[in-house]
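Report on one structure; see the data block that follows.
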Amino acid sequence: MPRPASLSPERILDAAERLLRRRGATALSMRALATALGVDPMAPYRYFGSRDAVVAALAERRVGAGLDAAMGKRGRWRTRLEALALAYWRGVAGQPELVLALTARSEASAALATRWRDGVQRALADTRLSRRGQRELADALADLVHGAALAPMAAGERAVRRSIALLLDGVEARLGSVQHRTQNLNSKLRATRTVGKL
């Protein structure tokens, strides 16, 4: 098959999105892309080294800019996390097959997962949540977003906002109790030092 002069990464990604929508994550392959594009089976490899590279580029295209914008958001940790989670959801909403492709192949989602966790950790930098707690929250928020995108009756933004708020209410309560315990310990420590000086 001749290689059309118009073959480009964007054209390949457009075809990949169509394949995902029409036939599902398991049908996405380099050969299927070549067939859909009407090109030689090796032609897509000139732009993407593997199926995982295509999925990673799709994720970047759908989610990347939104995450970048949300990471630049100012405000309290909660405001920043809500913005991140909503940006991620907006990128995958209506794309359940992309979510399945991302969650089925760790290599394809590694860069996105790293960006996501970095964004969550940056948003939580001024809190007293442990690194482990930050990782757990990043995973819980990603699971919430994935679930909302995979739901048979796709959740609307309002429902997703409520779900995010419920999760973050729990984090806020946890942070409040940690801060309260820290204040109590500091008070006891000061009292002990005062008694020791007597």
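For this structure, a couple of remarks:
- Residue 180 being out of contact with any His (no Cβ under 7 Å at 6 or more places or on another chain), in a helix (DSSP H, G or I), modelled with pLDDT of 90 or more and more than 20 Å from residue 75 (Cα to Cα): no
- Test: residue in the range 88-109 that is at pLDDT below 90 and of a type in the set (Lys, Arg): yes
One line per residue, one yes/no per condition, for (1) modelled with pLDDT of 95 or more; (2) within 14 Å of the chain's Cα centre (by Cα); (3) open to solvent by 30 Å² or more (accessible area, probe 1.4 Å); (4) farther than 23 Å from residue 103 by Cβ:
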| position | (1), (2), (3), (4) |
| --- | --- |
| 117 | no, yes, yes, no |
| 125 | no, no, yes, yes |
| 138 | no, yes, no, no |
| 145 | no, yes, no, no |
| 154 | no, no, yes, no |
| 166 | no, no, yes, no |
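- Of all residue pairs spaced 6 or more apart or on separate chains, those with beta-carbon atoms under 6 Å, a first member in the range 122-142 that is more than 20 Å from residue 83 (Cβ to Cβ) and a second member that is among the aliphatic types (A, V, I, L, M) are 128/178.
- The sole residue among 87, 59, 25 that is more than 30 Å from residue 125 (Cβ to Cβ) and out of contact with any Ser or Thr (no Cβ under 6 Å at 6 or more places or on another chain) is 25.
- Filter result (of a type in the set (Val, Ile, Thr) and part of a helix (DSSP H, G or I)) within the range 98-153: 99, 103, 114, 120, 145
- Wholly enclosed helices (runs of 4 or more DSSP H) of the range 1-83 bearing at least 1 residues touching a residue at least 60 places away in the same chain (Cβ under 8 Å) and touching a helix residue (DSSP H, G or I) at 6+ places or on another chain (Cβ under 9 Å): 9-23
- Matching residues in the range 8-28 - criterion: being open to solvent by less than 10 Å² (accessible area, probe 1.4 Å) and of a type in the set (Asp, Glu): none
- Search result, residues across the range 84-113 that are β-branched (Val, Ile, Thr) and either buried (at least 19 other Cβ atoms within 10 Å of the Cβ) or within 9 Å of the chain's Cα centre (by Cα) (or both): 92, 99
- Residue within the range 29-46 that is under 29 Å from residue 140 (Cα atoms) and either of a type outside the set (S, T, N, Q) or crowded, with 16+ Cβ neighbours inside 10 Å (or both) present: no
The values are calculated or read from the model by the stated rules, or taken from the named source; none is laboratory data. Keep in mind that this is a model prediction, so the values were computed, not measured. Positions of Cβ are generated from backbone atoms using ideal geometry, with glycine treated the same way; all protein chains shown enter the neighbour counts. The area values use the complete protein model at the heavy-atom level, side chains included, leaving out ligands, DNA and RNA. Shrake-Rupley method; radii C 1.70, N 1.55, O 1.52, S 1.80 Å.
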